[in-house]
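The values are calculated or read from the model by the stated rules, or taken from the named source; none is laboratory data. The model shown is predicted, which means the values in this text are computed figures rather than measured ones. Positions of Cβ are backbone-derived with ideal geometry, glycine not excepted, and every protein chain shown enters the neighbour counts.
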Amino acid sequence: MSSRWARAALSHRILTGLRRRALARLIEELAGPWMAAGEDRLRGRRGHERKRAAGAGPDHDLPFTDRVIATLVYLRFQLPHGALAVLYGVDRSTVSRAVGEIRPLLAARGCAVPEEPGIWLQTLAGVVACAAERGVTLRLDGTEVQVRRPRAGQPGRRAFVSGTKKAEHQEGRRRHRRARPHPVGRRVPPGRMHDQTAVKTEGIAALFEQFPPVRAQVDAGYRGLAKDFPDQVQAPPLKPKKDAALEETAAYQARRHKQSSERIWRPLQRFTGRREDFDETFLAIAGLVSDRAAER
């Protein structure tokens, strides 16, 4: 199987999640940073500037375009590196090295702003500031992602064991007029930390104090945040008592379902890679999703 055939097949929108034109723009955008990062690595390995002209020496087994495509397919489907290596006719380590080079470039892009090409939000504080300035509503949620736990008997395993055996990460989403998701992820300690505690630990509560105009919708796990900022944060209605009238219970279910259907979004459900790569993977996916949503 030739690399040319693999590129034609894997560059399809079904596999990369991007239209051909958007994929071409992304490849062009990443080419410069990738070459610069490669030169920095070589300079550090040599200990001095290059003595031959750029481009001298053997070619890469996997060209830059194929490196980007292979990384996108991996991020979208978590396809094993060995399977991608078979498609491209290279060694598994070549694909692993390519993903390790492209993923940080994607993670560093940040999240796109709708109707503002060229503007990228790098931090959660930037998202909150942008939402406050533009009068848009944030949706704050904690998405649970199952990750690899340390082996039995290893230190730190208990932190990864909760009721659902999952690690939780905070996800901020800004909503504009068509309610498209724009996530900005920051990792919190895995597994056992409550949503409200994570809000305080990550400084999210402080951002609501810093930007009074900002508004947000949250789930029941953040009810404490809604109590602290009643004019800014909207939480689901309280559950009626067991002896409540059927009409009251039905109205509660309808309001709760309406808010949940607008709020819930899961970028990942089970991450099979290394735990130390999750933050970078999440940010890379967040940037790709926001970029695609901003173009619609």
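Does segment 200-221 contain at least one residue that is under 21 Å from Gln253 (Cα atoms), small (Gly, Ala, Ser) and modelled with pLDDT under 85? Yes, segment 200-221 has at least one match.
The number of residues in segment 66-113 being part of a helix (DSSP H, G or I) and buried (at least 18 other Cβ atoms within 10 Å of the Cβ) comes to 25. Residues being under 11 Å from Leu140 (Cβ atoms), surrounded by fewer than 20 Cβ atoms within 10 Å (Cβ to Cβ) and among the polar types (S, T, N, Q) are represented in segment 234-244 by at least one member.
Here Arg149 fits the description: surrounded by 19 or more Cβ atoms within 10 Å (Cβ to Cβ) and in a loop (DSSP other than H, G, I, E, B).
Of the residues in segment 276-285, at least one is loosely packed, with under 13 Cβ neighbours inside 10 Å, under 20 Å from the mean Cα position of the chain (by Cα) and at pLDDT 75 or above.
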